[in-house]
Amino acid sequence: MALPEEGYLLRIFIGESDRHEGKLLYEWIVLQAKAHGLAGATVLRGMMGFGAHSRIHTFKIERLSEDLPIVIEIVDTREKLEKFLAVIDGAIDEGLATFEKAQVRFYRSGKSEK
């Protein structure tokens, strides 16, 4: 699969414990991204953050948070990401999604295709 030089980045901010259909929401989103043929997805776990409720979520030794911030990043074409966002939008009860241009420098698996 090749990506054009001008791609787009979909970034989704949710909570670690958010769920959809009995599955962790971030896992469900990544599996949906794969099923919809997107180029790839990365899930990042935040150390600290707050959102619309203004509650601080943090990782501290004396208090382990079970709802740390999660960021899912997906880069692909604008058209594919717009369609994907329409698919997952209804599953996200709380969170934030951003969409921005991304200059793709390379996208390769490291293995030569024969």
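Quick notes
- Ordered by the number of other Cβ atoms lying within 10 Å of each residue's own Cβ, fewest first, His53, His36, His20 fall into the sequence His53, His36, His20.
- Between 0 and 90°, nearest 10: helix 78-88 axis offset from the chain longest Cα axis: 40 degrees
- Here the Gaussian network model covers the chain, with springs between Cα atoms less than 10 Å apart; of Ala91, Ala52, Ala39, Ala52 fluctuates the most.
- Mean Cβ count within 10 Å, highest first, over the residues of peptides 13-19, 83-89: 13-19, 83-89
- The relative contact order of the chain comes to 43 percent, based on Cα pairs under 8 Å that sit 6 or more residues apart.
- The angle separating the long axis of helix 25-35 from the principal Cα axis of greatest extent in the chain is about 10 degrees.
- Between Ala97 and Lys23, the simple spin-label model (points 7 angstrom out along Cα→Cβ) gives 1.6 nm.
- In order through the stretch 39-54: 3J(HN,Hα) via Karplus (6.51 cos²θ - 1.76 cosθ + 1.60), integer Hz, x for Gly, Pro: 5, x, 8, 10, 10, 10, 9, x, 7, 6, x, 8, x, 4, 7, 6
- Total lysine pairs whose alpha carbons fall under 20 Å of each other in the stretch 1-108 (8 or more apart, or interchain): 5
- Computed over the chain, the per-residue total of -39500 (n - 2.57) for DSSP H runs of n ≥ 4 gives a 222 nm mean residue ellipticity of -6000 deg cm²/dmol, rounded to 500.
Quick note: the coordinates plus some simple rules give every number you see, no bench work behind them. Keep in mind the model is a prediction, meaning the values are calculated, not measured. Methodologically, a virtual Cβ is constructed for each residue, glycine included, from the backbone with ideal geometry; neighbour enumeration extends over all protein chains shown.
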